């Protein structure tokens with residue numbers, strides 16, 4: 001466990017997260033950035049680049065677009081890594097809310113509300129049976145309204 005903590009601390013320092021390892025003001029454990037590093041960066045990488053050649057989407061300049069439709073917003077909380085995460089609904093809400101401006105500020109709608117614990121709980125309880133098909137539907141809708149989403 002010490003090795004993992006040392007690794008996360010080093011990774012957080014390398015990505016600029018060192019001053020925000022915990023968020024005691026929010027009343028719960030790790031900051032959203034550290035939770036992202038611990039639970040998401042293994043696949044999506046620390047900078048959100050993902051591994052598109054392995055089917056892991058690049059979130060940079062993309063995920064903000066998903067907030068432009070209700071089904072896109074829902075999809076972000078229903079992908080397997082989120083829906084099956086060990087993080088609490090509150091922690092996921094915080095991570096999703098942190099990710100959008102971090103990786104896709106320019107693409108997000110100006111009036112996009114933060115994710116809430118209750119919203120994430122409801123979305124995790126209603127995950128579509130076919131996530132790849134849902135992703136294709138969401139992307140098709142976003143493309144249809146003129147957004148170049150991959």
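Hey, can you tell me all the residues within segment 52-72 that are under 16 Å from residue 132 (Cβ atoms) and more than 12 Å from the chain's Cα centre (by Cα)? Explain how you work it out, then say what you get.
We begin by selecting, within segment 52-72, every residue under 16 Å from residue 132 (Cβ atoms); these are 52, 54-57, 66, 71-72.
Once the filter is applied, which keeps residues that are under 16 Å from residue 132 (Cβ atoms) and more than 12 Å from the chain's Cα centre (by Cα), segment 52-72 yields 52, 54, 55, 56, 71, 72.
Can you go through 122, 140, 144, 106 and tell me which one is over 15 Å from residue 65 (Cβ atoms) and either surrounded by fewer than 18 Cβ atoms within 10 Å (Cβ to Cβ) or touching a residue at least 24 places away in the same chain (Cβ under 8 Å) (or both)?
Details: 140 fails: over 15 Å from residue 65 (Cβ atoms); 144 fails: over 15 Å from residue 65 (Cβ atoms); 106 fails: over 15 Å from residue 65 (Cβ atoms).
After applying the criteria, what remains is 122.
Could you check, for segment 76-94, whether at least one of its residues is in a helix (DSSP H, G or I) and within 17 Å of residue 150 (Cα to Cα)?
Our first condition is that a residue be in a helix (DSSP H, G or I); within segment 76-94, this holds for 76-78, 80-83, 89-94.
Of the ones still in play, those that are also within 17 Å of residue 150 (Cα to Cα) are 76.
Yes, segment 76-94 contains a residue that is in a helix (DSSP H, G or I) and within 17 Å of residue 150 (Cα to Cα).
Confirm whether residue 82 is in contact (Cβ under 8 Å) with a residue 40 or more places away in the chain, under 11 Å from the mean Cα position of the chain (by Cα) and under 19 Å from residue 35 (Cα atoms). Write out each step before concluding.
Values: in contact (Cβ under 8 Å) with a residue 40 or more places away in the chain: yes; under 11 Å from the mean Cα position of the chain (by Cα): yes; under 19 Å from residue 35 (Cα atoms): yes.
Yes.
Results for (1) at pLDDT below 95; (2) at negative phi, shown as yes or no for each residue.
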position	(1), (2)
22	yes, yes
26	yes, yes
33	no, yes
36	no, yes
41	no, yes
46	no, yes
55	yes, no
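Of everything in segment 49-72 that's without any contact (Cβ under 8 Å) to a residue 12 or more places away in the chain and in contact with a helix residue (DSSP H, G or I) (Cβ under 8 Å, 6 or more places away or on another chain), which residue is surrounded by the fewest Cβ atoms within 10 Å (Cβ to Cβ)?
Only one residue tops the list, namely 51.
The values are calculated or read from the model by the stated rules, or taken from the named source; none is laboratory data. Everything quoted here is computed from the prediction, not taken from an experiment. As a convention, Cβ positions derive from the backbone with ideal geometry for all residues, glycine included, and neighbour counts pool all protein chains shown.
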